[in-house]
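Some notes on the structure that comes next.
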Amino acid sequence: MDYLLTEQQIMVRDLARKIAKEKITPVAAEHDEKETFPWEIMKVMAESDLCGVYIEEKYGGLGGGAMELCLVTEELSRACGGIAICFAATALGTYPIILFGNDEQKQKYLPDIASGKKLAAFALTEAGAGSDAGAIATTARKEGDHYVLNGVKQWITNGGEAEVYTVIAMTDREKGARGASAFIIEKGTPGFDFGKKEKKLGIRASATRELVFNECKIPKANLLGREGMGFIVAMKTFDKSRPGVAAQAVGIAQGALDHAVKYSRERKQFGKTISSFQGLQFMLADMATEVEAARALTYSVAKMVDTGAKDVSKESAMAKLFASDVAMKVTTDAIQVLGGYGYMRDYPVEKYMRDAKITQIYEGTNQIQRNVIALELLKEQLRG
Amino acid sequence: MTDKPKDCSIQIITGNCTGCTMCVKTCPFGAISMVDSAEAKKGKLAVIDYMKCTLCGACVESCKFKAIEMTVCKVAPKVALGDYKGVWVFAEQKKGKVQSVVYELLGKGRELADALGTELAAVLIGDAVEAQAEELFWRGADKVYLVENAGLKSYQDEPYTNIIVELVKEFKPEILLYGATSIGRSLASRIAVKLYTGLTADCTALDIDKEKKILLQTRPAFGGNIMATILCENYRPQMATVRHKVFKEAQVDKSRKGQVVKKSYPDNLLASRTRISDVVEEISSTVNLTEADIIVSGGRGLGKAEGFKVIEELAKVLGGAVGASRSAVDAEWIPYSHQVGQTGKTVCPKIYIACGISGQIQHLAGMSSSEIIIAINKDSQAPIFSVATYGIVGDLYEVVPALTQKFKEILKK
Amino acid sequence: MNIIVCIKQVPDTQDIRINPETNTLMREGVQSIVNPFDMYAIEEALRIKERLGAASTKVTVLSMGPSQAEEALREAVSMGADEMVLMSDRAFAGSDTWATSYTLAKGIQKLGKFDLIICGKQAIDGDTAQVGPGIAATLDIPQVTYVKKTEDIKEGLAKFERMTEEGYEVIETPLPCLITVVKEINIPRLPSLKGKIKAKQSKATVLGAKDLEVDPDRLGLQGSPTAVKKIFTPPKRTGGQVLQGEVPDIVNKLADSIKDVVISVSKT
C-alpha cells in the first residue's frame, strides 16, 4: 500500500530496512538467547544517523517526527523486536525533553542522543504503581537549589545502559497525580543505582532494570517543565510514543508473516507446497490484511501527531491497542503455519510471538488503552 | 537508449522481429529490452543498449526469425602477425622453486605448440635459479629464457614486467601463458597494457583454431553461469592466465633436453619503485586446500561453528583438507581461507565431499570439476545433487561420523 | 591527499539462476549492485580519509558504464565519498579489460593530481582482476595488488600488506600508486542518512570521449584486443546415483565405491 511517504521518509525506511536485514537479522537469535545488549547495532544506528530522526535539526537530528520514529521502529522490529525497543525506548526517554525541556536542557541532552552517543530511558512504573500512575511512591524533596530523590523505579527499559533518564517523582504527595514532577537524571549521579537485570519472556536483547534512588541529589535545573506537571509530561509523552509501540507491533507481525509466507512456499506435504492449500492461503490472507490495517492506523496517527494535532490520546491508544493485538494474533498464527518447526527455537518464529506479547502490556496495558478510548468517546458525546 | 556505435554493426531488423523476447532472455549482459513500437510486426520491438552490448552474438544464435544481424567489423592487425612464433609459459618461482602451476601450463603449452608446429619455451626470472631449467625441459620446454639478478630474487611488478616486455619484443612469441596466482594475475595485466595486447583471465580450456592458427580461450563468467570463448585475433602475443589445478601437470621425461637463452638488462629496467620490507608466512595447520586430493567441505547445513568438528575429523582420517561454502564463511564458522567457490578457491580434488552444502552456482563454480563428488544433504531437492557422483539424502551428523568410523577401519587408523 | 576509487556496477551474480528448460540466464529480478569488492575499496578510502583528516583529503569515486551506474556512485557518496565521476559514452561500448583500463586511466588523468587509486581486487561479473593493474600500467605508477591492510600512509609514501598464497608481504611504495584490495581489509560501513541526502542532491560529473585526451582507436570495441567469440552455458554435470537405505548400509556402499581412490591417495 502506498502511504504517500516523503522522499526523506522513504530514505529513512530503506536505510532502517537495510540495517535490519544486514546487521540485525544475523544476530537477533544470539542476543535473544544470551540476553545481551546489542551495542554493536546501536553503533551502526548512530553511524547511519538514524538515532535522531525524530529530533529537531538544530539539535543535531534529522528534523522528522513520529512518522520517522515509527518507520525506523517498524523496520527494526521486523528483524528483532528486542533490538528495536532499545532504539524506541530512547525515544520514549527523549520525548519529555523534546516536549517540555527548555532550550538549555535541549542543548545539553538532545545532540548526544541524536548522534547516538547516548541512549535515554523513561521511568514511571513502580512496584505499586503500574497502570495507576497516581500511586507512585518515589519522592523528590526540594533542598535549596537541588532536589533529592528517593525511591525505586521498576522494569525500566534501557535501565543501566542509558545515560539519560527522565524520571517521574512526587514533589507533593498531598496533591496526588498533580503532585508529580518530571526530572532529567544522568547515569553516574551519586545516589543513583541500578537493580538486577530482569529475565523476560521476550524482547530479551533489551535491558530491563530497576532504578534505585537513595538520597540522589540533582540540580534544580534538571526539573522538566514546572513542579506538578509530571503526570502531564508522562501522558503527553505517551500520546506521542504510543504510535511507536504500535509500529513495533506492526514490525513484529510483519516479520512473522514474512517467515510464514516464505516457509509455506518451501514446505512440501502430500507432494505439494503447503502454500497451495486453501486453508493455509486463507490464514495468510487474513494475517496480511490485519497487518496492513494495523499499519494504516499507526501511520495515520503518526501523521496526526506530526501535523500538530492537539489531542491524540484516543487515536494513539487505538493504534497501540489494535496493532499489539494484531501482533499477538499474527505471530501465533505464524507459528501455526510452521507447525512443529514453528514451536522450535531453531526457527525464528516463536521469538516473534514472545516479543509480541509485551506490546499488549507496556506503555499502558491494552485494558488502559480501552479506558482511554472509552473516556474520550464519552467526553466527545457530552461535548455534542 | 544510446545510439548505435558507428564501427560495430549489430542491428534488429524491424520487419522480422516478432517481439518474442527470446533474445532478451539470452543476452548475458542484459543489453536487450523490449519497447512498444508501431513499426514492429506485433507491436513489440527488441532494442539493443550499446553501452552494455559486447557483440558476443548470443542473441543472433537465439533468434528464430533472423531478426538480428551482426557483422563484426574487420580491424586491421596492429602487428605483423606472422612474425610471432612459439608458445611461452611464465615460470613463476618462489624462493627459487618453480611453482607446480607452471608444470600444468607446460603440459597444456606442449599440446598447443604441437598443434601449431612450433616450440615451447619457459621464461624464468630470479636469482640463481638456473638449476630449475632442467626440470622445465623435462616437463616439455624446448627453451628456457633465463634472466638472473640478485635484485630479482622475489617477485616485484615493475622489473618483472619490464623484462618480459623486452623479451617479447625481441623474441616475439605468439602465445604467453601465466598461472592465475596473485603474482601471475598482477604481472600479466601490467604486461598486457605495456604491450597493447589481449589477456584472458582464468581460462578453463585452451585450444587452437586449426584453420586460423589462433588460440581459443574459454573461461567462465557471471560466477560460472556462462562460459565464453575469447579470441585475440589481431594482437600478439595472445595471453591467458590459468588457475592452479585446471590442467594436468606435464609428465617428467628426464631424457628431454633444451636450450637456455640467458639475457641481462640494464639497471634502469630492473629498478622497482615498490620495496618488499617484510615477508610473513602464515602456515596453516591443515593441508593446503588447492593441493588436496581429498576435500571435505561444510556449509550452512552444519547449523553451527562446532559442526566443523565432524568435518575436520573425517578430513583428518582421509588425509584431506577442510573446505567450506560461502555461507559457512559468512557466518564466521570458519576462516575465509577455507572458502571454495567463485569468490574463494577453485579446487579439483579426486574426491570432494560436500556436507550440508546446497550447491549454489558460485560454489559449484569452484568444485564441479572434482573427479568424484559426494553430496550429503537433508534436502533431496538441493542443487548439489545434480552434480554429485554419489548423493546421500540424510542427516550429515549421522552420516559423516559413520563414514569417519568406517574409514578408520579401512585405513587401520 | 586525493584518493580515487574505481567502482563498477554489476548484476548480483548470487541472484542469477539458469532456466533449466531453455538453459539460459534468468535475469528477471536480478539487482544491480556495487561490485562487492569495490565496497571494500570505498571503505578503505574513507578510513584513510578519517585517518589523515577530512579537511585535507578528498575521495572521488569513478565509474565507467551506462547512466544507471550513477546509482552505484551515489551509494559511495552516501557512505561518505566527496565527489563522483561517471565515464559514459557510446564510444566506450564493447570495451574489454584493456580498453577499460585505458579509458579509466585517461579519466583519472583528466581529474588532475591524485595520490592513491583504490580498486576492488576484481569484479564479480567478470572476475578478471585485470583492470586495476591495467590502470596502474597505463598511468605508469606502481601497484600493490591484493592489499589486506594499510599499514601506514602519508604524503608521498605508503606501506601496505599484500596477501599472497602463503601469507603476506609488507610493501613500501611511493605515492602516487594504485592498490587493489581484498575482503580481509575491512568491513564496509552502511550509508548514513546525511550521506544519502547528500547523494540525492549531488550530481555526477559525466566524462565522455570528447572530454578526454585519447586515441579514439583505443576506445571501446575497436580498441579492445580481445573479442568474445561465443557464449554458451557450461555443460551440465549430470548427477550420479542417490544412495538409499539405512545409514550403515549407505556408508558401506559409499565406502566400497570410493575406497580404492582413498587408499591410493593415502599412499602418495
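Computed per residue of chain C from DSSP H runs no shorter than four, each worth -39500 (n - 2.57), the mean residue ellipticity at 222 nm is -9500 deg cm²/dmol.
Taking other C-beta atoms within 10 angstrom as a stand-in for reagent exposure, A:MET45, A:MET1, A:MET283 fall in the order A:MET1, A:MET283, A:MET45, fewest first.
Relative to the longest principal axis of the Cα atoms of chain A, helix A:81-100 runs at roughly 30 degrees.
Under the definition of Cα pairs under 8 Å and six or more residues apart, what whole-number percent is the relative contact order of chain C? About 23 percent, as a whole number. For A:LYS21 and A:GLU174, the difference between the fully extended length at 0.36 nm per residue and the C-alpha to C-alpha distance is 49.9 nm.
Among all helices in chain C defined by DSSP H, which have a length of 18 Å or more along the axis from Cα atoms plus a Kyte-Doolittle mean of at least 0.0?
Numbers: long enough: C:36-52 (25 Å, -0.29); C:97-111 (21 Å, -0.07); C:247-267 (28 Å, 0.50).
Membrane-span-like by this rule: C:247-267.
For segment B:289-412, the number of Lys pairs with C-alpha atoms closer than 23 Å, counting only pairs eight or more positions apart or on separate chains, is 18. Counting other Cβ atoms within 10 Å as a rough exposure proxy, the listed residues B:LEU289, A:LEU280, C:LEU73 run A:LEU280, B:LEU289, C:LEU73 from fewest neighbours to most.
Against the main long axis of the alpha-carbon atoms of chain A, helix A:25-34 sits at an angle near 60°. Which far-off residues, 5 or more places away or on another chain, put their amide H under 5 Å from the one on B:ALA201, with H placed in the peptide plane? Answer set, sorted by chain and number: B:THR241. The 3J(HN,Hα) values that the Karplus relation (6.51, -1.76, 1.60; θ = phi - 60°) gives for segment A:150-156 are, in residue order, 9, x, 10, 9, 10, 6, 8 Hz. Gly and Pro appear as x.
Around A:GLY230, what is the net charge, scoring Lys/Arg as +1 and Asp/Glu as -1 over all other residues with Cβ under 12 Å from its Cβ?
+2
Straight-distance candidates among the lysines for linking to A:LYS217, with alpha-carbon spacing under 27 Å and chain neighbours fewer than 8 residues away dropped: A:LYS106, A:LYS108, A:LYS117, A:LYS118, A:LYS142, A:LYS153, A:LYS175, A:LYS187, A:LYS196, A:LYS197, A:LYS236. Counted by Cβ distance under 12 Å from B:PHE65, the other residues give a net charge of +3, where Lys and Arg count +1 and Asp and Glu count -1. Working note: 222 nm ellipticity from helices only, DSSP H runs with n ≥ 4, each -39,500 (n - 2.57), summed and divided by the residues of chain B, gives -7000 deg cm²/dmol to the nearest 500.
Proximity of backbone amide H atoms, modeled 1.01 Å from N, is registered between B:ALA321 and B:ILE294, B:ILE295, B:VAL296 at under 5 Å, excluding neighbours fewer than 5 places apart on the same chain. Taking θ as phi - 60° and the Karplus parameters 6.51, -1.76 and 1.60, the scalar couplings of segment A:243-258 work out to x, x, 5, 4, 5, 4, 4, 4, x, 4, 4, 5, x, 5, 4, 3 Hz in sequence order, x denoting glycine and proline. A simple charge model with +1 on the Cβ of Lys and Arg, -1 on the Cβ of Asp and Glu and nothing else charged puts the dipole of chain B at about 500 debye relative to its Cα centre. For chain A, the longest principal axis of the alpha carbon atoms and the long axis of helix A:278-306 meet at an angle near 30°. Positive-end ranking of A:ALA182, B:HIS338, A:THR94 along the dipole of the protein assembly as shown, with charges on Cβ about the Cα centre, is headed by B:HIS338.
Only helices enter this figure: runs of n ≥ 4 DSSP H residues, each worth -39500 (n - 2.57), summed and divided by the residues of chain A, yield -17500 deg cm²/dmol at 222 nm to the nearest 500. Residue by residue, segment B:238-252 carries 3J(HN,Hα) couplings of 7, 10, 9, 10, 9, 5, 4, 6, 7, 9, 7, 4, 5, 5, 7 Hz when phi is fed to the Karplus relation 6.51 cos²θ - 1.76 cosθ + 1.60 (θ = phi - 60°); x denotes Gly or Pro. Remark: mean inter-chain Cβ contacts per residue of C:182-195 equal 4, using a 10 Å Cβ-Cβ cutoff to other protein chain atoms. Annotation: amide H of B:ILE68 within the under-5 Å range of B:ILE13, sequence separation 5 or more or interchain, hydrogens built in the peptide plane. Neighbour counting of Cβ atoms within 10 Å sorts the residues B:LEU177, A:LEU284, B:LEU318, fewest neighbours leading, into A:LEU284, B:LEU318, B:LEU177.
Just so you know, all these numbers are worked out from the coordinates, no wet-lab data involved. Not measured: the values here are computed from a predicted model. For neighbour counting, all protein chains shown are included, and Cβ atoms are generated from backbone atoms with ideal geometry for every residue, glycine included.
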